[in-house]
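Input: a single structure, listed below in structure tokens.
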Amino acid sequence: MSEKHDGFMKALKCRECGREYPLAATHVCEFDFGPLEVAYDYDRIKKALTRASIQSRPRTMWRYRELLPVAGEPTVGTQVGFTPLVKADRLAKALGIRELWIKNDAVNYPTLSFKDRVVSVALSRSKELGFETVACASTGNLANSVAANAASAGLKSYVFIPSDLEHGKVLNSLVYGANVIGIKGHYDEVNRLCAEIAGKFGWAFVNVNMRPYYAEGSKSQAYEIVEQLGWQIPQHTVVPMASGSLLTKIHKGYQEFIKLGLVGQASSLSYHIHGAQATGCSPISVAQKAGLDFFKPVKPNTIAKSLAIGTPADGFYALRVMKETGGAADDVTDDEIREGIRLLAENEGIFAETAGGVTTAVAKKLIASGKIPANDSAVLCITGNGLKTLDAVVGHVGKTREIKPSLREFEAMLASEEKVSA
Ligand SMILES: *Cc1c(COP(=O)(O)O)cnc(C)c1O
Ligand SMILES: [Zn+2]
């Protein structure tokens, strides 16, 4: 393992026992089945990655490339990231908090969800390791992103999804020419099958054998939030949880920026990370609210299909991050999710998918209960686009009023509505 060949990575390291492994396509420790994670040479990174070097680079997630697990230059998804951080004054007022920001990955490039971050890392690394076929087990957005990014990279792709996903999510994989395999079962069954397929076929499964690299891509969201806030960590970050990976990587991203001396104010060194789930699939939030360190698996039943993982791979670590940072979790019903989608749309002009409704509605609950104090400042991680989950809001938004192309009809319509509201 020459330094040059592995970039700034040192090894894969077991999160449980610390044993080190070569930087191959592997994800579990042979001794205790602990998950493997990428370890870096932070001393070398500190010399290369400064505020000035970051700011001199293009506005993509790759401006932090020393902290992302590729050996050479990235080759897939080079335009991904640096999504807007929107100051959400109207939504802040509606939720009753002093200051609120939206990290808007609903407009991430190219497939409109935060999954483009993890996929650009996973596919760049897959190419470095010599793979020609990439695959994933997905609740929808990951399949879209693998399909699109594989197409642009000239890689063959197989994406495995529960067969009852939203039409928008299915079409958004098929259009890129991916092999889309619908499994008659929940995501957890899809995932189990993919573990077997990954063991048998020589493919790069982005969230199975490539998971240590893939998961690191989520850290870029944390780096961007800190830079966009003027090198400060927000007091509160609200993160939707499926496997729980994004939440743990936001924490890791903040910690790395502190370690590298990139965070400005000492006041932002203590922060809280909160987790959001749908009540119909809430193994992590139920455990957090009960003060438990372990979750109990569930069978998902919610309109927030992108978050419907009943056996979350990183649930244990997500619980630990919330405990360490003094964060809280909560969950919301399908009706509250739709209300969350509307709150965000009507106040900020941002149309999020169901996961965004979950995050917004949970933030509302946490602010109302004082777990996020009204005088503080918070960032909501909005992770996916509403145009992909239209099924969830059909019939729950206003109606079109139809009239003839006549000024008189329009005036009559306004007059009759004024009468009703008067
Ligand atoms: C995958 C996904 C998440 C959460 O992913 P984790 O498995 O917890 O990292 C959140 N929002 C959307 C829209 C997603 O597609
Ligand atoms: Zn181990």
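Taking the stretch 134-163 as the region of interest, how many residues are among the charged types (D, E, K, R) and either without any contact (Cβ under 8 Å) to a residue 12 or more places away in the chain or surrounded by 24 or more Cβ atoms within 10 Å (Cβ to Cβ) (or both)?
Residues in the stretch 134-163 being among the charged types (D, E, K, R) and either without any contact (Cβ under 8 Å) to a residue 12 or more places away in the chain or surrounded by 24 or more Cβ atoms within 10 Å (Cβ to Cβ) (or both): 0 in total.
Can you name the helices (runs of 4 or more DSSP H) wholly within the stretch 195-311 that have at least 3 residues being within 27 Å of THR26 (Cβ to Cβ) and among the polar types (S, T, N, Q)?
Once the helices (runs of 4 or more DSSP H) in the stretch 195-311 are filtered for at least 3 residues that are within 27 Å of THR26 (Cβ to Cβ) and among the polar types (S, T, N, Q), what remains is 245-259.
Please work out if ASP331 is surrounded by fewer than 22 Cβ atoms within 10 Å (Cβ to Cβ) and either touching a helix residue (DSSP H, G or I) at 6+ places or on another chain (Cβ under 7 Å) or over 22 Å from PRO35 (Cβ atoms) (or both).
Judged against the criteria, ASP331 is not a match.
What tally of residues in the stretch 14-54 results from selecting those that are within 9 Å of ligand 2 (Cβ to nearest atom) and either among the charged types (D, E, K, R) or part of a loop (DSSP other than H, G, I, E, B) (or both)?
Count: 11.
Filter the stretch 140-152 for residues that are in contact with a helix residue (DSSP H, G or I) (Cβ under 6 Å, 6 or more places away or on another chain) and not polar (S, T, N, Q); which is farthest from TRP203 (Cα to Cα)?
Filtering the stretch 140-152 for residues that are in contact with a helix residue (DSSP H, G or I) (Cβ under 6 Å, 6 or more places away or on another chain) and not polar (S, T, N, Q), the one farthest from TRP203 (Cα to Cα) comes out as GLY140.
Starting from residues that are free of Cβ contacts under 8 Å to residues at least 24 places away in the same chain and not β-branched (Val, Ile, Thr), keep the ones in the stretch 374-398 and report whichever is surrounded by the most Cβ atoms within 10 Å (Cβ to Cβ).
Going through the stretch 374-398, the residues free of Cβ contacts under 8 Å to residues at least 24 places away in the same chain turn out to be 394-395, 398.
Subset that is not β-branched (Val, Ile, Thr): 395, 398.
Values: GLY395: 8, GLY398: 6.
The qualifying residue surrounded by the most Cβ atoms within 10 Å (Cβ to Cβ) is GLY395.
Looking only at the stretch 83-120, which residues are away from ligand 1 (no atom under 16 Å from the Cβ) and either part of a helix (DSSP H, G or I) or in contact with a Phe, Trp or Tyr (Cβ under 8 Å, 6 or more places away or on another chain) (or both)?
LEU85, VAL86, LYS87, ALA88, ASP89, ARG90, LEU91, ALA92, LYS93, ALA94, LEU95
Out of the residues in the stretch 14-31 that are more than 16 Å from ligand 1 (Cβ to nearest atom) and in contact (Cβ under 8 Å) with a residue 60 or more places away in the chain, which is surrounded by the most Cβ atoms within 10 Å (Cβ to Cβ)?
Looking at residues that are more than 16 Å from ligand 1 (Cβ to nearest atom) and in contact (Cβ under 8 Å) with a residue 60 or more places away in the chain, I get ALA25.
Pull up the stretch 217-251, narrow it to residues that are out of contact with any Asp or Glu (no Cβ under 8 Å at 6 or more places or on another chain) and of a type in the set (D, E, K, R), then point me to the one that is nearest to ligand 2 (Cβ to nearest atom).
GLU224
So VAL358 clears everything in (1) without any contact (Cβ under 8 Å) to a residue 24 or more places away in the chain; (2) at negative phi except one condition, right? Which one?
Failed condition: (1).
From the residues in the stretch 1-13 that are small (Gly, Ala, Ser) and part of a loop (DSSP other than H, G, I, E, B), which one is nearest to ligand 1 (Cβ to nearest atom)?
Among those that are small (Gly, Ala, Ser) and part of a loop (DSSP other than H, G, I, E, B), it is GLY7.
Can you give me the number of residues within the stretch 226-243 that are within 15 Å of ligand 1 (Cβ to nearest atom) and more than 23 Å from SER124 (Cα to Cα)?
The total comes to 6.
Bear in mind that the values in this text are calculations on the coordinates, not laboratory data. Since the structure is predicted, the reported quantities are computational estimates derived from the model, not experimental observations. No Cβ is skipped: glycine too gets one built from the backbone with ideal geometry, and neighbour counts run over all protein chains shown.
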